[in-house]
């Protein structure tokens, strides 16, 4: 008997009809002889509605209470999917994240899974039940509920699949799989049959919304291949965790980027550490970083943050900048990142030249550049992001298999 | 420093504005130097909306999953009230029922509190925090969430007040207090300043919706006086747990009553036990019971159940009736109960005569009668309930203090 872990996102459980469709899909796999663990997200826009409710009460909700609030969305969908399975005559039980043994650190709103105690899950599976787990949440050491951040249900699913040594981990969403670029921007984008963990990680971190980066990372650490596919069709999806022969696999983009520049920093050893350590402590995710060449002992440091983090982090960044003696802080909220991703990149320095050439031909100015072994990312102005993605998709001939 | 336990019902937290009003009220009591524990119900119609969602998926939801579903309503309001307190600059923390140490038995949907572990609550109070507790819920021994049934947040509040030896327990609702009769039916009904536990218990069990009977019972067991008052005004409420000098204190009514008659039961010892024991096991609350005089070894037994329980219990009752050899089962879903309640009743048999006389003058037929030491209840047809309450309010001169 195989153990299958599935995860259904918010659009897959957005109303009663979709919940019933999910239940039928789960029941069919169960009837085919599989043990089933099913992780669900909150229904449709529930999470956004709860966030809105909180913001009508306070501009800066305490993360602890925000997590308690948001965790209810997944509890509701887990209970409803379980009821739909009961209605189909299946044995099923709904578990909250804490009941499913998911322990986290105490970084409310962006918690990381610290451990999974599978005792209850294994007992329910042994009892012949389909187990429906509320995604996105776990319990801290202080026995408070913490959420795993946007897309955290993916992490719940991959974490459970790894811990339970599942035979398959399937992420159901509203897209068919991972594409060479966002099909809304590039109509000729192709669905990939496979993608390596490393490539998917770069794609996810660079804005491809299909999978949560932390979930891909977990899959990589535990070598747990993940299938991404649509809950609306029977099309084969994309298997993450299998290398493919492409040199450049896909184009990722993230249109929600803000750039912050600290001007006139003293160029002394340790200044970067003094800047970024407090930001890390404050759980502000800093991305691409560029430090200019020093002139007369003074330098500029630019970095990017998620646009959504800008408002909450700007004051804090300004205070850190003051402490460091920066002469000013410039924030530009209208930036975007575009990346080429592929395992072939590490051995072919010519790819960078081809990328920059394509951008130049399209008349797009490059503001910052960052690279990893299998990725090259450029920061550009937001208005040009669609042009850039299309130009790169053409330049690397990604419409051809 | 005094410890005050307050409870706010669904109408008191039905929207953002009401939640903010509750927070101001709580903060004022806190600023006056009290330790505060605040129990909240789900916002407005949330619980009904969740029930509706479940019933769109299955006609008979499993109680365990239903409880997980319904418990989210109180989690949401506890988080939001806490955020509103933070916005006022107060230190506050939201706790779920399980986090507040509330343990229950496993009768999902109608669970009873089995124990309260106050460790976390006391720690938060000691830390100077206002503690906002999600009402209506607790944790079973198997670590599942169970709800305490309709009005269960009252029970949470009184249970916590008793366990913490609070100096006051205040139930905030949308009415001013306990009235001599429902003011919507009897315009001249008076608000009572005080009422004894026994009287309130009879009033609550007989349909006065202002307090959950189990909550009154807990108050009585632990001798914890309970103040009922409005969250919409500063009017003094009614203190439950203080005797008053009235002979008849109030008129209660319950218009949601169904009557079930088992016709042609063999009149042998033990038949009542064989009938009611399985109903009790199935958690069907049976009320007023009347057994007719036996003729030729055959008798009829009539009893009442909540109208809402009729549909779910009728099949079960019919199967029990068949087993006992009853010739038929007659269900009448359109009945009502009207009661006079007062500690004076036990010493004044004349009250029964006055009650029946008033009913007769009003042309209302009495179907069944039941009595306790401080209560006389008659079962009548539902259409006559308002007439009956008004006639009795007049007959016992309850409009006069």
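The values are calculated or read from the model by the stated rules, or taken from the named source; none is laboratory data. Being a predicted model, the structure only gives us computed values, none of them experimental. With ideal geometry, Cβ positions are generated from the backbone for all residues, glycine too; neighbour counts draw on all protein chains shown.
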For residue B:278, state whether it is exposed (fewer than 14 other Cβ atoms within 10 Å of the Cβ), in contact with a helix residue (DSSP H, G or I) (Cβ under 8 Å, 6 or more places away or on another chain) and either free of Cβ contacts under 8 Å to residues at least 60 places away in the same chain or closer than 29 Å to residue B:184 by Cβ (or both). no
Selection status of residue B:20, more than 25 Å from residue A:146 (Cβ to Cβ) and in a helix (DSSP H, G or I): yes
Checked against (1) touching a helix residue (DSSP H, G or I) at 6+ places or on another chain (Cβ under 6 Å); (2) outside any loop (DSSP other than H, G, I, E, B); (3) over 18 Å from residue A:46 (Cβ atoms); (4) within 14 Å of chain A (Cβ to nearest Cβ), residue B:73 satisfies every condition except (3)
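Being buried (at least 22 other Cβ atoms within 10 Å of the Cβ), under 23 Å from residue B:143 (Cα atoms) and more than 14 Å from chain B (Cβ to nearest Cβ) is the requirement here; does residue A:134 meet it?
It is false that residue A:134 is buried (at least 22 other Cβ atoms within 10 Å of the Cβ), under 23 Å from residue B:143 (Cα atoms) and more than 14 Å from chain B (Cβ to nearest Cβ).
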From B:10, B:33, B:44, B:97, which residue is surrounded by fewer than 18 Cβ atoms within 10 Å (Cβ to Cβ) and either farther than 22 Å from residue B:140 by Cβ or more than 10 Å from chain A (Cβ to nearest Cβ) (or both)? B:33
Scan of the stretch A:370-388 for residues that are farther than 19 Å from residue A:353 by Cβ and touching a strand residue (DSSP E or B) at 6+ places or on another chain (Cβ under 7 Å), ordered by number: A:381, A:382, A:385
Test of understanding: among B:83, B:66, which residue is facing chain A (nearest Cβ under 8 Å), assigned to a helix (DSSP H, G or I), over 23 Å from the mean Cα position of the chain (by Cα) and at pLDDT 95 or above? B:83
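Would you check which residues across the stretch A:138-160 are over 20 Å from the mean Cα position of the chain (by Cα) and either without any contact (Cβ under 8 Å) to a residue 60 or more places away in the chain or not in a loop (DSSP other than H, G, I, E, B) (or both) and list them?
Residues satisfying the conditions are A:139, A:140, A:141, A:142, A:143, A:145.
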Could you run through the stretch B:134-175 and say how many residues are out of contact with any helix residue (DSSP H, G or I) (no Cβ under 8 Å at 6 or more places or on another chain), under 20 Å from residue B:237 (Cα atoms) and at pLDDT below 95? 1
Do we find a residue being part of a strand (DSSP E or B) and at pLDDT below 85 anywhere in the stretch A:291-313? yes
Is at least one residue of the stretch B:100-116 touching a helix residue (DSSP H, G or I) at 6+ places or on another chain (Cβ under 9 Å), within 7 Å of another protein chain (Cβ to nearest Cβ) and not in a helix (DSSP H, G or I)? no
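Quick check on the stretch B:51-63: of everything there that is at the interface with chain A (Cβ under 7 Å from one of its Cβ atoms) and not in a helix (DSSP H, G or I), which residue is farthest from the chain's Cα centre (by Cα)?
It comes out as B:58.
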How many residues, within the stretch B:319-335, are surrounded by 15 or more Cβ atoms within 10 Å (Cβ to Cβ) and touching a helix residue (DSSP H, G or I) at 6+ places or on another chain (Cβ under 7 Å)? 6
